[in-house]
Amino acid sequence: MSTSVLVINCGSSSIKYALVSEHRKDRIFGLAENLGSANARIKGITTGGEELELSIPHADHEKALETILERLAHHNPQAIGHRVVHGGTLTKAELLTPEIIERIREATPLAPLHNPAHLVGIEATMRLFPHLPQVAVFDTAFHQTMPAHAYRYALPKFLYTEHNVRRYGFHGTSHAYVSERGSELAGSYKKGGWLTAHLGNGSSTCAIWNGQSVDTSMGLTPLEGVVMGTRSGDVDPSIHSFLASNLGWDIYKIDKMLNSQSGLLGLSDLSNDMRTLIEASEQGNEDATLAIEVFCYRLAKSLAGLSCGLPRIDGLFFTGGIGENSAYIREKTVAYLPHFGFNLSQEQNNSLKRGTEGRIDAGTGPQIWVVPTDEEGRIAKETEHVALQEGNVTAKKSNAETVTA
Ligand code: ADP
């Protein structure tokens with residue numbers, strides 16, 4: 001690869017990485033997992049398509065990042081792009097400076113599981129590679145164009161003004177990429193009104209008008225919205241007092257239940273994995289059948305609700321592991337939206353190959369497309385844009401001294 005960007009997504013015990021070439025055609029992917037344990041290892045795919053597995057016993061984030069960069073150094077990465085879940089009110093990708101790092105730290109109460117892990121990775125790469133410009137790309141940034149009537153909760157005002165309690169939205173990198181690419185495929189690049197359904201383990205929907213997010217299903221945290229693998233999505237907030245009063249549960253137990261034991265897993269009592277549920281449903285498992293039905297109905301309801309943010313609906317884009325691969329879920333969801341004039345072509349829906357983009361409506365009504373997401377590509381593009389401007393590279397070099405001091 002000539003020039004490239006290294007994209008890093010740090011979790012609490014794992015690091016996903018991707019080296020993305022200048023025109024985003026070539027990729028080297030990998031995952032460092034089980035960090036901090038005897039089983040720590042790096043698994044990946046090289047540019048030649050060969051599988052890589054490397055044991056790095058007891059390696060922490062810094063050691064793993066060092067090993068990853070050693071292996072990739074000959075590809076000459078020009079910049080590092082960090083995926084950061086919560087950017088608070090930051091509206092765009094930012095060059096990492098002590099001030100931006102502080103803003104990420106300040107947003108930690110809003111993403112207590114994600115932002116601390118990102119900061120560990122950021123601080124390690126800043127120490128290891130002070131000469132490389134580094135950029136944070138936020139999941140929340142794309143949704144900062146939402147109007148106040150979409151992002152405010154009907155709660156006492158001081159919770160917003162003094163404690164930043166509002167709707168932020170997530171999966172912004174995916175919604176931004178998919179709506180941009182989808183509208184381009186539809187011949188109206190960043191124009192018109194579109195709905196996106198990002199359906200993976202975490203799922204969310206978004207309404208986009210002329211390329212800008214005007215509303216989305218996730219809120220203060222990624223728990224609000226549609227049914228997900230293990231997250232409940234919308235529930236009556238009084239569930240907390242009901243469970244506390246009647247079952248004696250504390251806030252941590254309730255939070256864990258809503259985030260890790262609900263959604264498809266909770267409804268089916270079987271699995272959070274949509275493929276497993278579709279197979280079980282075909283074999284007559286009624287709980288799996290109901291879980292799928294609730295998933296599709298709530299998803300359609302969310303899309304219908306978000307349509308209020310759009311002056312008109314030009315179409316719908318499906319993406320994420322479920323949205324890209326399951327013709328069955330797409331068909332069931334669209335079947336709940338006939339009043340919008342959506343008209344799915346069963347033939348095109350069923351014939352679309354895995355991982356390919358394509359139009360699946362019958363030619364009347366709003367368009368329906370499958371657009372495989374490319375979060376790494378989008379992060380690399382934004383990183384290139386921010387970091388590789390000469391002024392920023394210079395700024396980065398002087399900031400590096402402050403950060404590493
Ligand atoms: P993540 O949010 O972790 O990135 P993915 O976007 O990879 O997750 O999506 C994972 C989900 O996609 C799982 O529920 C998986 O079962 C589902 N999935 C993948 N392939 C299919 C398929 N062919 N049919 C139905 N669901 C699928």
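Observations, loosely collected:
- Summed over qualifying helices (DSSP H, 4 residues or more, each -39500 (n - 2.57)) and divided by its residue number, the chain shows a 222 nm mean residue ellipticity of -12000 deg cm²/dmol.
- Under a Gaussian network description of the chain, with springs only between Cα atoms under 10 Å, the residue in K256, K191, K332 that fluctuates furthest is K256.
- Charge sum, other residues only, whose C-beta stays under 12 Å from G263's C-beta, Lys/Arg counted +1 and Asp/Glu -1: -1
- The range 197-260 shape via C-alpha gyration tensor axes, a/c threshold 1.5: prolate
- Choice from G263, G202, G44 with maximal GNM fluctuation in the chain (Cα, 10 Å cutoff): G44
- Of the beta bridges in the range 1-140, as assigned by DSSP with both residues counted there, near 70 percent are antiparallel.
- Virtual paramagnetic centre 7 Å along Cα→Cβ of Y189, amide N under 17 Å, in the range 197-236: 210-212
- Whether the range 240-332 is rounded, prolate or oblate, judged on the alpha carbon gyration tensor where a/c under 1.5 counts as rounded: oblate
- Of all DSSP-defined beta bridges confined to the chain, some 65% are antiparallel rather than parallel.
- Residue of L155, L310, L352 that the Gaussian network model of the chain assigns the largest fluctuation, springs spanning Cα pairs under 10 Å: L155
- Neighbourhood net charge (14 Å Cβ-Cβ; Lys/Arg +1, Asp/Glu -1) for F242: -1
- Whether the range 186-313 is rounded, prolate or oblate, judged on the alpha carbon gyration tensor where a/c under 1.5 counts as rounded: oblate
- Counting only whole DSSP H helices of the chain, the ones at least 27 Å long by C-alpha along their axis and with mean Kyte-Doolittle hydropathy no lower than -0.5 are 286-306.
Only the coordinates and a few stated rules stand behind these numbers; no lab work does. Because the structure is predicted, anything quoted here is derived from the model rather than measured. Ideal geometry is used to build each Cβ from the backbone, glycine not excepted, and the neighbour counts take in all protein chains shown.
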